[in-house]
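Notes to accompany the following structure.
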Amino acid sequence: MTTENLADPASGHLAITPKILYFGTPVALLSTENPDGTANLAPMSSAWALGRTVVLGLACDSRTAANLADRPDLVINLPAPDQWRAVERLAPLTGTDPVPARKRDRFRHEPAKFAAAGLTPQPAERVRPPRVAECPLQLEARADRARPDVTGEFRIVEASVLEVHAAPGIVVPGTHHVDPGRWSPLIYNFRHYFGLGDELGHSFRSETP
């Protein structure tokens, strides 16, 4: 069937079946604690916030999911756009040994994730895993609840944020507000990396107009 056959005659839109639905979401680096007490670091882009709760979508066979099942502390580190190369260095690595069958064609086991990515562990204040020193935003958190998704391939984790650390340059002076004009997350857009463009406007609820 050709794309012309899939066009909606009323709107002109095409009915498509993309392999993934990463339609532009922030990248996060999750640091968790391995069974031997070392740190695991994994990139992901299935995360969103509800107040002080961050909802994470993790592959069931990932080292991160296994770590959180036994040791619920984590840090949600948010890199800036110019750190995409470090994220990509992590992308083909897994902390699981042996490598899960579905990953064996493109992934390799790597226990020293921070070193492999060229990133620096920084002690956290309220959880055991380290923060990523280079990330401008770091959210110390604890996984409170986890359940499988409807397919059984992923785990949906609800994590309560305990402490937020922000680089001074992205904070509105004298406040606890992140300056949206200075902070730009790294965006994962259909498996390509982007930053934000120029501001278009702000919500009526914004406290930093």
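Bear in mind these aren't lab numbers, they're just calculated from the coordinates by the rules spelled out. Since the structure is predicted, the reported quantities are computational estimates derived from the model, not experimental observations. Don't worry about glycine lacking a Cβ; one is built from the backbone with ideal geometry, like all the others, and counts go over all protein chains shown.
Structure above, values below:
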item: Qualifying residue in the stretch 82-96 (condition: closer than 26 Å to Phe194 by Cα and within 11 Å of the chain's Cα centre (by Cα)); result: yes
item: Hits in the stretch 61-102 (condition: among the basic types (Lys, Arg) and under 18 Å from Ala143 (Cβ atoms)); result: Arg63, Arg71
item: Residue count for the stretch 131-174, restricted to those that are under 26 Å from Glu207 (Cβ atoms) and free of Cβ contacts under 8 Å to residues at least 12 places away in the same chain; result: 4
item: Scan of the stretch 92-110 for residues that are of a type outside the set (Ser, Thr, Tyr), surrounded by 13 or more Cβ atoms within 10 Å (Cβ to Cβ) and in a loop (DSSP other than H, G, I, E, B), ordered by number; result: Gly95, Val99, Pro100, Phe107, Glu110
item: Residue match in the stretch 167-187 (condition: surrounded by 14 or more Cβ atoms within 10 Å (Cβ to Cβ), under 21 Å from the mean Cα position of the chain (by Cα), among the aromatic types (Phe, Trp, Tyr) and under 16 Å from Ser46 (Cα atoms)); result: no
item: Considering residues of the stretch 13-42 that are surrounded by 10 or more Cβ atoms within 10 Å (Cβ to Cβ) and of a type in the set (S, T, N, Q) only, the residue farthest from the chain's Cα centre (by Cα); result: Thr38
item: Failed item, numbered, when Asn40 is tested on (1) within 20 Å of Ala86 (Cα to Cα); (2) out of contact with any helix residue (DSSP H, G or I) (no Cβ under 7 Å at 6 or more places or on another chain); result: (2)
item: Selected residue (criterion: surrounded by the most Cβ atoms within 10 Å (Cβ to Cβ)) from residues of the stretch 43-88 that are touching a Gly at 6+ places or on another chain (Cβ under 7 Å) and of a type in the set (Gly, Ala, Ser); result: Ala86
